[in-house]
Amino acid sequence: MKKSPLQLIAFLLFIIASTFTIQACSSTDKLNTAAPATSATGVPMYKPQLSSISVPVSISIAAMEDKLNKEVTGILYKDSNLEDDNVAVTVSKNGRMSIRGEKDKIYFSVPLRIYAKGRWKWDPCKLCPAIDKTEDTSFDMIIKTESKIGLTEDYKINTITSGDFEWGNTKPVLELGPLKIGLARFVEPALRSQLATLSKQLDKELQNHLDMKKYVSEAWQMVQEPVKLDDAMDAWLSVVPKEVRVAPLQARNGTLNTRLGITSYISVTTNGKPQLQLNKNLPKLIVDSRMSDDIQIGMTANIPYAHASKMIQDQIARQTYKFDDGKSQITINDATVTPGGDQLVLMLDVNGKTKAGIFTKKIVGKVYLRGTPYYDAETASIKVKDVDYDLDTKDKLLSTASWLAKNKFKDMIQQQVNIPVKGEIENARKMLQATLDKQGRINESVLLRGSIKDITPDNIYLTPEGIKAVVNARGNLTATIDKL
């Protein structure tokens, strides 16, 4: 049926009105994005760098002299067999031993009391009876020795001693009735033949009474016990030693000096006392003359994810970002950060809208971004780089809000995310500085002094509990052994 002009006009007006009604309406899309798995599995755990701790060690020669005089007493050598060489000798310490050092040698002056028994056989003729006579005598002498001193790989003192002797106040004589016959010229050859044996005995006594392994072993186990630095932060210093090095011994200014180097992993943590397994086995000693005085300590600042989320919320939550000359905008209502492998996952609870003419398109939901954390030394903070949408988020945005997927929103977020750790690192540095700057004893024999010189950044690691920022502190540490 043919329509009248009025009907055609009414129909056209209906079409036009319907079109304007559609353009004036707005729709809202819900972003049903799936949250990425929260896990730090597979992320390399923090491993402190090996630190070559070189500890200058000085041993007082006077203290060593006191110790040897207390422990080396009585009979030093005894040979009671006359049958092999017609001489029996007993050597006893007869007064205070004195010690001095110079370069790589130690000089000993040892007063001795010698008891000597000699047997003389004389056959005046074939038909005459043989004369077999035994006489004994006592006399004093002073052994002057020179010992080159070192250490073996099993931590024993190694000395090579040579020397001579001089007579003391009492010289050897033989009394035959009213006659006294000086025996020095007869005894000297026998004593000189015994001097090598006496030197070996002195080496043995030095090695037995200067037990360096005992002191190194005590230090080795002692450094493995974590040291609490601060109660409020529950901060601990821990050392995991790996090898021991020592520089050649040198004597100067009344002390025997060396450098004891312990290659270790050293760290400061703020998440409670480290549970470390004690290693009692000393490695073989390595003699090394090229060691520095520096120590390197890995310090960590632990940022729990809840704390990191709070800082990010303060930076970007309740902010509105506008694009396309104000035609599009998005507002962040809330933000959290969680681990996702070796990246940080940022969850942004958002609402936004975009306009095309009089048509408005809205979105509501959650957007997930991924970024790689790194330490920014200039600001002493943790930042993120290579920020991009999680794959599921990107797929949902392309189908519901492609304008958001294509604009610079993710770049803006990357520029704003900033987790300061300067305060945590400075607190850890102060605690460590306070510990090393003060002098103190780790036991009754060893006095420690130390200081921190500078701090340099290392790396960022993600753990299931939080973000771990690692920096390296460099300084020096000295030790003096003043009591043996």
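The values are calculated or read from the model by the stated rules, or taken from the named source; none is laboratory data. Since the model is a prediction, treat every value here as computed from it, not as a measurement. For neighbour counting, all protein chains shown are included, and Cβ atoms are generated from backbone atoms with ideal geometry for every residue, glycine included.
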Being over 23 Å from the mean Cα position of the chain (by Cα), among the charged types (D, E, K, R) and closer than 22 Å to Glu426 by Cβ narrows it down to one residue among Asp325, Asp314; which is it?
Asp314
Can you tell me how many residues in the stretch 264-287 are aliphatic (A, V, I, L, M) and surrounded by fewer than 16 Cβ atoms within 10 Å (Cβ to Cβ)?
4
Out of the residues in the stretch 330-375 that are more than 25 Å from Pro420 (Cα to Cα) and crowded, with 17+ Cβ neighbours inside 10 Å, state the one that is modelled with the lowest pLDDT.
Lys361
Only one of these conditions is not met by Lys383: (1) surrounded by 15 or more Cβ atoms within 10 Å (Cβ to Cβ); (2) out of contact with any strand residue (DSSP E or B) (no Cβ under 9 Å at 6 or more places or on another chain); (3) among the charged types (D, E, K, R). Which number is it?
(2)
Can you tell me which of (1) surrounded by fewer than 18 Cβ atoms within 10 Å (Cβ to Cβ); (2) over 16 Å from Ala335 (Cβ atoms) is the one Asn418 doesn't meet?
(2)
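Which of the residues belonging to the stretch 288-327 are among the hydrophobic types (A, V, I, L, M, F, W, C), surrounded by 14 or more Cβ atoms within 10 Å (Cβ to Cβ) and outside any loop (DSSP other than H, G, I, E, B)?
From the stretch 288-327, those among the hydrophobic types (A, V, I, L, M, F, W, C) are 291, 295, 297, 299, 301, 303, 306, 308, 311-312, 316-317, 323; that's our starting set.
If we keep only those that are surrounded by 14 or more Cβ atoms within 10 Å (Cβ to Cβ) as well, we get 291, 295, 297, 299, 301, 303, 308, 311-312, 316-317, 323.
Listed by number, the residues that qualify are Ile295, Ile297, Met299, Ala301, Ile303, Ala308, Met311, Ile312, Ile316, Phe323.
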Within the stretch 244-286, the count of residues that are in a strand (DSSP E or B) and either within 30 Å of Asn427 (Cβ to Cβ) or among the aliphatic types (A, V, I, L, M) (or both) comes to 16
As an exercise: evaluate Leu397 against (1) in contact (Cβ under 8 Å) with a residue 40 or more places away in the chain; (2) in a strand (DSSP E or B); (3) within 26 Å of Asp342 (Cβ to Cβ) and give the number of the one condition it does not meet.
(2)
Could you grab the pairs with beta carbons closer than 8 Å, sequence gap of 6+ or different chains, first residue in the stretch 250-263 and buried (at least 20 other Cβ atoms within 10 Å of the Cβ), second one among the acidic types (Asp, Glu) and assigned to a strand (DSSP E or B)?
Ala251/Glu102; Ile262/Glu243
Taking the condition outside any strand (DSSP E or B), under 25 Å from Pro304 (Cβ atoms), touching a residue at least 24 places away in the same chain (Cβ under 8 Å) and among the aliphatic types (A, V, I, L, M), does Ile413 pass?
yes
Could you please find all residues in the stretch 376-389 being part of a strand (DSSP E or B), modelled with pLDDT under 90 and of a type outside the set (Val, Ile, Thr)?
Asp376, Ser381
